[in-house]
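What follows is a short report on a single structure.
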Amino acid sequence: MADDRRGDGGGASSGVSDRELLNAADVARIIARIAHQIIEKTAGGEEVVLIGIPTRGTVLARRLAAAIAEFSGTAPAVGWLDPTLYRDDLRRKPARALEDTEVPEGGLDDRLVVLVDDVLMSGRTVRAALDALADHGRPRAVQLAVLVDRGHRELPIRADYVGKNVPTARREQILVFLDEIDGADGVALRREAGA
Amino acid sequence: MKHLLSVTDLDAAAATALLDTADRLKQALLGREVRKLPTLRGRTVITMFYEDSTRTRVSFEVAGKWMSADTVNVSAKGSSVGKGESLRDTALTLAAMGADCVIVRHPASGAAHRLAAWADRDRAATGTDTCIVNAGDGTHEHPTQALLDAATLRDRLGSVAGRRIGIVGDVLHSRVARSNVFLLATLGADVVLVAPPTLLPVGVQQWPCRISHEIDAELSTLDAVMTLRVQAERMRGAFFPSAREYAIGYGLSDERAAALPQHAVVLHPGPMVRGMEIAPSVADSARSAILAQVRNGVHVRMAVLYHLLAGAPE
């Protein structure tokens, strides 16, 4: 959520260069690996609820759930939660549009919640999501899975499952593309000229 | 959005954005243990009501509280208004106390616009930043009512665009009718006003809707019918012979409800006078969305407060 990923990925305009970090096969391998790690760390994936952070976190949560169902035979519940109403920077920008929220049936009480997002940077989105979770119920534990960790943390937050660690400069952007939204999978690093 | 004074300030995109926000807020609060969001913490919302109201005032107050704003209610009775203070002085006093938003209902049409002009001048002079929401001004507008009606129609019918909506009754004294006609037309609905000629305002021919005097000719083509209360408190003169005659001519009776298409929805902005503009059995029937309107009212008002107060000033 910290980045604007609505690029075209092609670096069409001059002065912008994109470098591919992950291709579609890499993304698929990472999702399979994280699914295995979640099964391992949660003793079979019982009572696990995957909660995506819109919009691309939701897609990733759905894909992880499908992979976990395939590998363990147990399909975890999937939901999504828009943390916008809990953000600490609302008053710095004009009011932004809200995304969908849907907590799976049975709620979150005493379940193991895995928050899923595409990019982890400052940690502020995750902080907001943790506050939102607490208002929805009391999970037994909360873990965090991200596709890319790009550093620059501003809060004491750490991911339990990381697809790829990418050292970045603050001015660079991470662009995540997912088939369901963008038509193809991939992750790119965008660098503005002169930056 | 700086103030919400009239639905004509909203284009289709802005109105749809408000309705979408209301939907998302409803989702965000669904089935939750803690029905409170921290979004407007530290913001002060004052309702200033110069006319009686139950649902609008409570709805705004609940909306503010669910988003953690501090809400204060001022009514004309029991305030300095009774001592002769003017609308302007009362409003500037409230702004000086740090109100981020003043929600006003007033019997004079245009009251909210005057307040907004004063608030803007005050902002230039002193830097205080107060937004004004019109919660009903005389016979002029009631924008949040029209928004909650549109939200309810969207819930029940799937969409507003292309739907035919009948608004029946005392259009002359109804700010709800005016706001609804303009908002629903903006959203692409086909609106028809049904009223006796004596209860239509001057200039209604310029509104983006069709006019009819025959309710029975319209019913079978309507996707929704909204009945309006006959506003006896605003009537100075004889607009129809008797309450009974009005009910016979324009009341939504069981027989008339039966003439509606199967899917059609019945709305009423409240308060209802049962047996006058709507039969009790129709108000309580499955096609009635009257309580859904009230529920949506809270979410729509939360959405308005969110758009006005949550972000940085534009």
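Set side by side, the residues B:G169, B:G237, B:G158 differ, and just one is surrounded by fewer than 22 Cβ atoms within 10 Å (Cβ to Cβ) and either within 28 Å of B:A12 (Cβ to Cβ) or at pLDDT 95 or above (or both), which is B:G158. Within the stretch A:120-143, the set of residues being more than 14 Å from every other protein chain (Cβ to nearest Cβ), among the hydrophobic types (A, V, I, L, M, F, W, C) and not in a loop (DSSP other than H, G, I, E, B) comprises A:L120, A:V126, A:A141, A:V142.
In the stretch A:105-119, the qualifying residues are those that are over 18 Å from the mean Cα position of the chain (by Cα) and at negative phi, and the one that is farthest from the other protein chains (Cβ to nearest Cβ) is A:R111.
Residues considered: B:R57, B:R41, B:R88. Of these, the only one that is under 27 Å from B:W118 (Cα atoms), of a type in the set (K, R) and touching a helix residue (DSSP H, G or I) at 6+ places or on another chain (Cβ under 7 Å) is B:R88.
Of the helices (runs of 4 or more DSSP H) that lie entirely inside the stretch B:166-262, those containing 3 or more residues that are over 24 Å from B:E141 (Cβ atoms) span B:215-218, B:243-250, B:254-259. Number of residues in the stretch B:58-68 that are crowded, with 20+ Cβ neighbours inside 10 Å and closer than 18 Å to B:L147 by Cα: the value is 4. The single condition among (1) touching a residue at least 12 places away in the same chain (Cβ under 8 Å); (2) away from chain B (no Cβ under 14 Å) that A:G73 does not meet is (1). Checking each residue in the stretch B:1-59 for being charged (D, E, K, R), within 23 Å of B:V102 (Cβ to Cβ) and outside any helix (DSSP H, G or I) picks out B:K2, B:K36, B:R41, B:R43, B:E51, B:D52. For the stretch B:9-46, the set of residues classified as in contact with a strand residue (DSSP E or B) (Cβ under 8 Å, 6 or more places away or on another chain), surrounded by fewer than 21 Cβ atoms within 10 Å (Cβ to Cβ) and more than 10 Å from chain A (Cβ to nearest Cβ) consists of B:T44 only.
Of note, A:T101 satisfies the criterion of being touching a strand residue (DSSP E or B) at 6+ places or on another chain (Cβ under 9 Å), facing chain B (nearest Cβ under 8 Å) and either without any contact (Cβ under 8 Å) to a residue 60 or more places away in the chain or more than 22 Å from A:H136 (Cβ to Cβ) (or both).
The values are calculated or read from the model by the stated rules, or taken from the named source; none is laboratory data. If you're wondering where the values come from, they're calculated on a predicted model, not measured in any experiment. Virtual Cβ from ideal backbone geometry, glycine too; neighbours counted across all protein chains shown.
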